[in-house]
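Got a structure for you, questions after.
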Amino acid sequence: MALMLSVKPEAGAAKESTTMELSAPKGITKLEAEVICMFVQLSRALGQPRSYAEIYGFIFISARPVTLEEIITRLGISRGSGSMGLKFLRDLGAIKIVYIPGDRSIHYEAVAQLRLLVTRFLQTQVFPHFDSSRERLDAISEMVKELPSTERAHVCRRIDTLRTWADRTERLLPLLMKILEP
């Protein structure tokens, strides 16, 4: 049975409400579904897979640590999606493994520290792209030399704009990291 829930439209979208369907063979409560939905909407803005957000939302709202089996059964996702999502979330520092005495299963619990989550997201998902973008801009600058002179000026201005954006972002990110420090 699928659970339908109301989702507020994204900024700039039409005012009418939309619905999101969560497959829930063993049943997701309305509360769980609403929390999961919040994380799914956030994941869209961050460009992350929906299943990762569903997993984090489910673990986040759970009153006790949960296993991979519970996650895939309750959310109705594949074992592969569950495993990949858990790996991503662990690498991000968004979840941690919790030991349950007498239970050989691996249990997961959400880390609910915004500062830590944002910092790790920036370190693992954002910063690595800046190094490669600098190198790419250098390579693009070399390619401009081969353009006809009629196109070269316009493309050079665009490259300068990209370099300005990169410089500003490079200055902004350390400030953001400083703000996030305890």
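The values are calculated or read from the model by the stated rules, or taken from the named source; none is laboratory data. Predicted model only: the values in this text are computed from it and were never measured. Cβ sites come from the backbone with ideal geometry, for glycine too, and all protein chains shown count toward neighbours.
Quick check: is even one residue across segment 75-82 under 15 Å from the mean Cα position of the chain (by Cα) and touching a residue at least 40 places away in the same chain (Cβ under 8 Å)?
no
Please state which of the following conditions ILE106 fails to meet, knowing it meets all the rest: (1) β-branched (Val, Ile, Thr); (2) assigned by TED's automatic domain parsing to the domain that holds SER62; (3) over 30 Å from ALA63 (Cβ atoms).
(3)
Sticking with this structure for a sec: So how many residues does segment 98-126 have that are without any contact (Cβ under 8 Å) to a residue 12 or more places away in the chain and either in a loop (DSSP other than H, G, I, E, B) or among the β-branched types (Val, Ile, Thr) (or both)?
Residues flagged as without any contact (Cβ under 8 Å) to a residue 12 or more places away in the chain and either in a loop (DSSP other than H, G, I, E, B) or among the β-branched types (Val, Ile, Thr) (or both) within segment 98-126 amount to 6.
Further question: When you look at ILE100, is it β-branched (Val, Ile, Thr) and surrounded by 15 or more Cβ atoms within 10 Å (Cβ to Cβ), yes or no? Please lay out each step first, then the result.
Values: β-branched (Val, Ile, Thr): yes; surrounded by 15 or more Cβ atoms within 10 Å (Cβ to Cβ): no.
It is false that ILE100 is β-branched (Val, Ile, Thr) and surrounded by 15 or more Cβ atoms within 10 Å (Cβ to Cβ).
Among all residue pairs at least 6 apart or on different chains, which show Cβ distances below 8 Å where the first residue, located in segment 129-154, is within 14 Å of GLU170 (Cβ to Cβ) and the second is of a type outside the set (A, V, I, L, M, F, W, C)?
Correct list of pairs: PHE130/THR169; PHE130/GLU170; LEU137/ARG163.
Could you check, for segment 78-97, whether at least one of its residues is polar (S, T, N, Q), closer than 23 Å to ARG115 by Cα and surrounded by 15 or more Cβ atoms within 10 Å (Cβ to Cβ)?
We begin by selecting, within segment 78-97, every residue polar (S, T, N, Q); these are 78, 81, 83.
Next cut, closer than 23 Å to ARG115 by Cα only: none.
No, there is no match, as no residue in segment 78-97 is polar (S, T, N, Q), closer than 23 Å to ARG115 by Cα and surrounded by 15 or more Cβ atoms within 10 Å (Cβ to Cβ).
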